[in-house]
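The values are calculated or read from the model by the stated rules, or taken from the named source; none is laboratory data. The structure displayed is predicted, hence computed values, not measured ones. All Cβ positions, glycine included, derive from the backbone under ideal geometry; neighbour counts span all protein chains shown. Surface accessibility is based on the protein's heavy atoms, side chains included, excluding ligands, DNA and RNA. Shrake-Rupley method; radii C 1.70, N 1.55, O 1.52, S 1.80 Å.
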Amino acid sequence: MLEKRFYGERVRRYTDMMARVLYDAYLKIDAEREARALPAPTPEEVDIISWPQTWPDARCGFEEPLRDVYRSEQTDVVIDQRVRTIYVYHAGRFARRIESPGTAFWNAVRDRQLPGAADEEGWTRLRAD
């Protein structure tokens with residue numbers, strides 16, 4: 001019984017965070033498309049890649065420590081397939097917007113290790129290709 005409650009809480013926490021991430025990303029995508037006079041996003045045009053990423057501390061890659069997080073939190077990459085824009089989230093918080101990412105970015109996604117939001121040097125390396 002304890003396991004069911006434990007797993008149920010993990011699933012609830014994950015789905016709540018995923019709903020917040022997708023909602024925020026849809027708002028960003030919609031605003032960007034509206035500025036370009038493009039139609040609103042449809043579910044077929046938005047993809048998400050998600051994995052747990054472990055951080056050295058509760059900042060999860062941000063400048064300041066976050067509340068109610070663990071050292072291992074989801075990193076989410078939301079992709080607007082129409083305009084090829086990427087929105088990166090760490091621990092459910094928006095971290096970075098990327099236009100037309102290259103091979104280095106996709107290799108980091110494949111390796112499940114994106115830089116933290118505050119790691120300018122890391123993001124610069126990903127744009128170097």
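Some points to look at:
- Phi-derived couplings, Karplus 6.51 cos²θ - 1.76 cosθ + 1.60 at θ = phi - 60°, listed residue by residue for segment 97-104: 10, 10, 9, 6, x, x, 4, 4 Hz, with x used for Gly and Pro.
- Within the accessible area of the chain (1.4 Å probe), percent carbon and sulfur: 54
- The separation of segment 25-70 from segment 89-119, counted between C-alpha centres, amounts to 10 Å.
- Solvent exposure ordering (accessible area, 1.4 Å, most first) of Trp123, Trp106: Trp106, Trp123
- Applying Stokes-Einstein at 10 °C and 1.306 mPa s to the Kirkwood radius of the chain, computed over alpha-carbon pairs, gives a translational diffusion coefficient of 102 µm² s⁻¹.
- Ellipticity at 222 nm from helices only: DSSP H runs of n ≥ 4 in the chain, each -39500 (n - 2.57), divided by the residue count, give -12500 deg cm²/dmol.
- For the chain, the longest principal axis of the Cα atoms and the long axis of helix 2-35 meet at an angle of about 20 degrees.
- Neighbour net charge for Ala40 - beta-carbon separation under 10 angstrom, K R +1, D E -1: -2
- Cα gyration tensor shape of segment 63-129, rounded if a/c is under 1.5, else prolate or oblate by comparing a/b with b/c: prolate
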